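Notes follow the structure.
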Amino acid sequence: MNYLYYLYIQFLAKYHLPEAIGMITFPLLPFIIVAVVLIVMVIFLVLLERKVLAIFTQRKGPNRVGPWGLFQTIADAIKLLIKENITPVGAEKFMFTLAPLLAFIPVMAIWGLIPFSAEFDFISYSVGALLFMTIASIPILAILLAGYASNNKYSLLGSMRSVAQAISYELPFVFVLVAVVVLASSMNLGQIVLAQTSVYPFCGWFIFPSFLGFLIVFICALAELNRCPFDLPEAESELVSGYNTEYSGMRFAFFFLAEYAMMFIMCAFIATLFLGGYLSPFGFYLSTKIFGNGHLGQILVYFEQVFWIFLKTFFLIFCMMWVRATLPRLKSNQLMGFAWKVLLPASLLNLLFVCLYKYFLFAK
Amino acid sequence: MIKKITKSFEYIVALVLGHLTVLKHIFKKPVTLEYPEKKAVLNENFRGEHALVTDSGGNLLCTACGTCQRVCPSFGTIEIEKDKNESGKFYPKNYSIDLNKCIFCGNCVNYCPFGAIVMTKEYELSNQKKSSLILDINTLKSNYSDSIIEKKEK
């Protein structure tokens, strides 16, 4: 962070601004960057999902608004903003308004936990991984709140199913997380990334010792995000939309936004845990090879690291869309059975294997 | 237990193969047509708007025999007003097809003993008024000349 700070102060000095302003505004910068990037990313994720699904099913997808339909989501968002905010009769007004905010704000908060590059790891707690799981489960509460507050039995049923699913899939997720923590000997996400460096390109990534864990986490992420094939709380063809049936306009947009933002963050988190985070898959950074080890090359490394983690994240998102294009929806009992009978034992097995691996390979 | 494991292994293989099958579709071209700009290539037997065939002199082949009227499954679609000209030949003084009632089965074309009625490839028939969907003899004639011009252009 020091090097970027130095650059920022120099940039301010060009415009004759005192260093004190730099000291105050510098910690705020990442938050602003993160917030803007998140919203832009979500808008284009929705478009990406529609486009990718269209390609999978041999359609063309949105192609009318702007070049290649690029502004489709922006048009949709404007439509949602203009729409009326309807509060149903008998709804708990305060909770009804609170729920969409509660779904969205934690997502914004955990977005900062992920190390995007070696220098852009600005909320670096020693228990980062645990904190991630903790804050990531708050939106589940918001879903229950939304179902309860809308005074609609179908909304409540949908939200209860959603919560039951998310909670039971959180368990194997955490057990796999424990395995990763064992491998990295740290809970700090930055340290977990650094623990995946190795002499050979991409051989140190944790996907190799715990491939099973990677699969489990991927499946759990699908379930927690209420995505296909685990999207029965909001099964589009059967239930209208589950917990957010009564929501309209801006409030609905918040749920929608939170869902896609959470999807992006989950994928970034999995990429950090298993695919080496911001590390280059070649074992060296391209920018230092091209621009040399000098001033320019060193700065560009930060941006290259951001590029790598985004590439890995988008690969995982593509996989999620691929799964959505392929698999049909599960039944409710199959869903729960799969979580408790298959994934939980498998995650424990993974933990055992990882512990043995760590003990025999790295024991001193 | 072993049976269960082998069965679940089968499931996993099927799952992976299914995903690969879906992945194959990325490399195929989309089947969607951007309709108003691009139009589908129609089959030779496509049954669109009707047209009355005229010979090179511009005279109708139709003799107003009424076969089309009789084979039409939708009662009252075709209405013909019969008349005799100077040489003693029958001809339709008025011939109208009500597209509100027509089901586009093509019976009138198949059964016509003189080949006097055909179906063009025109299918954009939507209209604001019901009355403009009743084709009279002049529109049926011009439909035929239009379809011939379209064929020549191709």
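The values are calculated or read from the model by the stated rules, or taken from the named source; none is laboratory data. The model shown is predicted, which means the values in this text are computed figures rather than measured ones. Reconstructed Cβ throughout: ideal geometry from the backbone, glycine too, with neighbour counts over all protein chains shown. Heads up: the accessible areas ignore ligands, DNA and RNA and are worked out on the full protein's heavy atoms, side chains in. Shrake-Rupley method; radii C 1.70, N 1.55, O 1.52, S 1.80 Å.
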How much net charge surrounds B:D136 when only the other residues with a Cβ under 12 Å from the Cβ of B:D136 are counted, with Lys and Arg +1 and Asp and Glu -1?
-> -1
Could you work out how far the C-alpha centroid of the stretch A:165-199 sits from that of the stretch B:1-69, in angstrom?
-> 49
Can you give the accessible area of A:I55, probe radius 1.4 Å, in Å² rounded to 10?
-> 80
Expressed as a whole number of Å, what is the distance separating the alpha-carbon centroids of the stretch A:261-328 and the stretch B:126-154?
-> 60
Scattering curve values for the protein assembly as shown, log₁₀ I(q)/I(0), Debye with Cα scatterers, q = 0.07, 0.08, 0.11 Å⁻¹ | -0.59, -0.70, -1.02
Set the Förster radius R0 to 41 Å, insert the Cβ-Cβ distance between A:L141 and B:V31 as r into 1/(1 + (r/R0)^6), and round the FRET efficiency to 0.05.
-> 0.40
Hey, which aspartates and glutamates would be in cross-link range of B:K152, C-alpha to C-alpha under 17 Å, not counting anything within fewer than 8 residues on its own chain?
-> B:E44, B:D55, B:E122
Collect residues whose amide H, placed 1.01 Å from N in the peptide plane, falls under 5 Å from the amide H of B:H50; neighbours closer than 5 in sequence don't count.
-> B:T120
How compact and how long is the stretch B:1-141, expressed as Rg and Dmax of its alpha-carbon atoms in Å?
-> 26.4, 96
By accessible area of protein heavy atoms, probe 1.4 Å, what ranking do A:H16, A:H295, B:H50, B:H25 get, highest first?
-> A:H16, A:H295, B:H25, B:H50
Interchain or sequence-distant (5+) residues whose placed amide H lies within less than 5 Å of the amide H of B:K82 are B:K93
DSSP-loop chymotrypsin sites (Phe, Trp or Tyr not before Pro) across the stretch B:25-90, with at most 10 other Cβ within 10 angstrom = B:F75
Scaled by the rule-of-thumb 2.2 N^0.38 Å, the alpha carbon Rg for the stretch A:1-82 gives a ratio of 1.68
Binned at 5 Å from zero, the C-alpha pair distances of the stretch A:16-172 give percents of 2, 7, 11, 12, 14, 16, 16, 12, 6, 2, 1, 0, 0
Any DSSP H helix in chain A with Cα axial reach of 27 Å or more and mean Kyte-Doolittle score of at least -1.0? Listed by number, the hits are A:28-56, A:93-111, A:153-184, A:249-274, A:295-326
What number comes out for the charge environment of B:N107, summing +1 per Lys or Arg and -1 per Asp or Glu over other residues with Cβ under 12 Å away?
-> +2
Report the chymotrypsin sites (Phe, Trp or Tyr not before Pro) located in the stretch A:282-351 that are in a DSSP loop and have at most 12 other Cβ atoms inside 10 Å of their Cβ, or state none.
-> A:F282, A:F284
For chain A, what relative contact order do you get, as a whole percent, if you take Cα pairs closer than 8 Å and at least 6 residues apart?
-> 22
Too long at a 31 Å Cα-Cα cut-off: which of A:K83/B:K24; A:K51/B:K154; A:K331/B:K24; A:K79/B:K28?
-> A:K83/B:K24; A:K51/B:K154; A:K79/B:K28
Threshold 30 Å² - residues in the stretch B:8-25 whose accessible area is reduced by that much or more when the chain is no longer isolated, probe 1.4 Å = B:H19, B:V22, B:L23, B:H25
Peptide A:318-325: average number of partner chain Cβ atoms within 10 Å per residue?
-> 2
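Accessible area per residue, 1.4 Å probe, Å², for chain A: what's the number?
Computed with neighbouring chains in place, this is 49 Å² per residue.
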Please report, in whole Å, how far the alpha carbons of the stretch B:101-154 spread along each principal axis, starting with the longest.
-> 30, 29, 19
Lys and Arg at +1, Asp and Glu at -1: neighbours of A:C220 with Cβ under 13 Å from its Cβ sum to -1
When the accessible area of chain A is computed with all protein chains present and a 1.4 Å probe, what percentage of it is carbon and sulfur?
-> 73
Using the C-alpha gyration tensor of the stretch A:90-363, what are the square roots of 5 times its eigenvalues, in whole angstrom, with the largest one first?
-> 35, 22, 16
List the GluC sites (Glu not before Pro) in the stretch B:1-77 that DSSP assigns to loop (not H, G, I, E or B) and whose Cβ has at most 16 other Cβ atoms within 10 Å. Which are they?
-> B:E34, B:E37, B:E44
Gain in span if fully extended, A:F208 to A:I21, counting 0.36 nm per residue against the direct Cα distance = 62.7 nm
With runs of 4+ DSSP H residues as the only contributors, calculate the mean residue ellipticity of chain A at 222 nm using -39,500 (n - 2.57) per run, divided by the residue total and rounded to the nearest 500.
-> -22000 deg cm²/dmol
Cα centroid distance between the stretch A:1-66 and the stretch A:102-146, in Å?
-> 18
Chains B and A together, accessible area buried on both sides, 1.4 angstrom probe, square angstrom | 1300
Output the Kirkwood hydrodynamic radius of the stretch A:188-233, Cα pairs only, in Å rounded to one decimal.
-> 12.3
Which whole-number percentage describes the relative contact order of the stretch B:1-139, with Cα contacts under 8 Å and a sequence gap of 6 or more?
-> 25
Given a 1.4 Å probe and every protein chain left where it sits, what share in percent of the accessible area of the stretch B:55-118 is carbon and sulfur?
-> 50
Alpha-carbon Debye profile of the stretch A:243-364, log10 I(q)/I(0) at 0.12, 0.14 Å⁻¹ = -0.78, -0.95
